[in-house]
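See structure below.
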Amino acid sequence: MNDDFETFVSTRGPRLLRFAVLITGQRADAEDLLQEVLMQAYPRWRVVRERQPEAYLRRAMTNRLISRWRSPWSRRRVAGLPDHLTQPDEVGRVDDRELLLDALRQLPPRMRAVVVLRYWLGCSEAETAAELGCSAGSVKSQASRGLHRLRAGLEGAAALPIDVTKENHA
């Protein structure tokens, strides 16, 4: 079990960390979030690995972030973005990555997770709904509102990895 978990983390860890950076907005917070979720998953790895472990961990990170955001005792500060991400990612193609990440960071955690899953990771509405434990209708509305907020925050930005000028109804 230990070798299987280590192999999974070494192969999927960078992708999970990029997801965490996108939903938290900060590298340090992303590393902490991923570490917490991996520690939580390790004792149950035999069960987790038989399902879709990457989807399970993304959902766990999203849920943990939402719980933190809702809790008055653990409100997280909003701070500047890291100077760089060590792994290349989809956002790296944006001319003004800081502007895009700042706008993304302004979204509530669940809305941010929907936008990241739908438009960065390319999940369908059904896949996004399954990962977040909500309905496809909720995904549609969260994506619509999230894209609307991104449009407002990105006026004048160029070369975005998703077309935030119109919604993607796939």
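A short reminder: the numbers here are calculations on the coordinates, not readings from a lab. From a predicted model like this one, the values you see are computed outputs, not experimental measurements. All Cβ positions, even for glycine, are placed from backbone atoms using ideal geometry, and neighbour counts span all protein chains on display.
Backbone phi angles across region 114-119, fed through the Karplus curve with coefficients 6.51, -1.76 and 1.60 (θ = phi - 60°), yield HN-Hα couplings of 4, 4, 5, 5, 6, 9 Hz in residue order; Gly and Pro are listed as x. A crude spin-label estimate for the pair Arg44 and Glu98, with each label 7 Å from Cα along the Cβ direction, gives 4.0 nm. Qualifying GluC sites (Glu not before Pro) in region 22-53, where qualification requires a DSSP coil assignment and no more than 16 other C-beta atoms within 10 Å, comprise Glu50.
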